[in-house]
1. Per residue of the chain, what 222 nm ellipticity follows from adding -39500 (n - 2.57) for every DSSP H run with n ≥ 4, rounded to the nearest 500?
2. Post the alpha-carbon centroid distance, segment 278-307 to segment 168-239, in whole angstrom.
3. If I take every Cα pair under 8 Å that is 6 or more residues apart in the chain, average their sequence separation and divide by the length, what percent do I get for the relative contact order?
4. Give me the mean projected area, in nm² to one decimal, of the convex hull enclosing the Cα positions of segment 21-103.
5. Can you give me the distance in nm between label points at Arg126 and Glu105, each placed 7 Å from the Cα along the Cα-to-Cβ direction?
6. Could you give the size of the charge dipole of the chain about its Cα centre, using +1 on the Cβ of each K and R and -1 on the Cβ of each D and E, expressed in debye and rounded to the nearest 20?
7. Taking the Cα centre of each part, how many Å lie between segment 115-132 and segment 10-71?
8. In square nanometres, what is the average projected area of the Cα convex hull of segment 170-303?
Amino acid sequence: MTRFWWVSQNETFKEEATGGFMWSPKTNKDGRKSAYYDFMTQIRRGDIIFSFVDTRIKAVGVALGSAYESQKPQAFGSKGSNWSPIGWRVDVDYLRLDTNFQPSEFMDQIGPLLPVKYSPLGMNGRGAQAYLFSISNELGNLLLTLTQAPELKIESVDLSEITFNEEEQTLLSDKSLSETVKATLVQARRGQGLFRRRVHLVEIGCRVTQVTAEKLLVASHIKPWKVSSNEERMSGNNGLFLSPHVDALFDKGFITFSTSGDMLVSPQLDKDVLERWKIDPKKSVGKFNEEQKYFLDFHNREKFKAS
């Protein structure tokens with residue numbers, strides 16, 4: 001039976017959502033057990049998870065499996081410096097919500113359904129200072145309705161129905177990877193599946209054309225799939241949503257972006273291309289987060305045709 005969970009991710013939402021996981025220590029900093037961490041071990045494949053960040057539910061996800069022991073993610077950096085280095089990790093497929101839903105505005109409906117013990121919210125609508133909470137099916141279904149969340153399910157991909165290129169064939173020959181992981185990585189190479197959804201948690205639309213219609217955009221790797229680790233291949237921070245013609249320029253190294261948001265144009269690009277495509281190279285595309293800067297640095301050094 002599907003269960004519902006509420007995770008408060010004020011500190012680590014960006015890292016967890018773009019990386020596709022939840023992580024908690026096993027105990028409090030004094031070594032004592034905590035129900036808010038023990039809940040991690042009760043999650044099962046297919047459970048629904050609501051991500052609560054800065055007073056709002058920003059994403060909803062589906063658990064891809066049960067909790068397993070894992071080191072504290074390097075992506076956290078200095079966050080949670082007092083957390084133990086070994087904790088619980090659950091892999092999650094997150095989906096961005098476009099409703100900007102704030103639970104405190106619906107306490108007349110939510111309040112009566114909150115658990116008496118270990119509640120994620122006070123009756124004033126303020127979030128509790130803890131990580132993970134179990135919520136009832138009644139509250140979970142109400143939140144699905146109020147957030148206008150789409151139907152959530154775990155994708156299955158039949159590898160026998162896909163034609164693979166040489167790079168993908170090499171991946172498929174790796175006996176250390178499960179069929180599910182192989183399918184997920186192939187989808188990532190093609191800008192689909194989990195990778196695409198993780199990019200959408202970071203990027204709203206094309207930074208160059210301002211197009212936000214997701215179906216018209218390409219989920220493009222910043223550091224190419226071929227030279228990325230499997231973890232980098234799936235990171236939402238290693239991706240940009242780009243209009244197809246912008247993606248062509250970026251993928252071929254004719255343009256790139258500085259970490260502060262300036263467009264850099266290769267001298268090898270025909271001078272009339274940007275003008276014909278109405279691309280203003282002097283217009284800032286906006287700043288990038290720290291993880292994106294890491295991948296952009298690689299693109300600037302290895303892909304950009306600087307001379």
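Just so you know, all these numbers are worked out from the coordinates, no wet-lab data involved. Predicted, not measured: the structure shown is a model, and the values here were computed from it. Reconstructed Cβ throughout: ideal geometry from the backbone, glycine too, with neighbour counts over all protein chains shown.
1. Numbers: 11 runs with 77 residues, N = 307.
Computed ellipticity for the chain at 222 nm equals -6500 deg cm²/dmol.
2. With segment 278-307 and segment 168-239 each reduced to a Cα centre, they are spaced 18 Å.
3. Values: 534 pairs, mean separation 45.8, N = 307.
Normalised by residue count, the contact order of the chain is 15 percent.
4. 6.0
5. 2.1
6. 520
7. Cα centroid to Cα centroid, the span is 15 Å.
8. Computing the convex hull of the Cα atoms and averaging its projections yields 8.2 nm².
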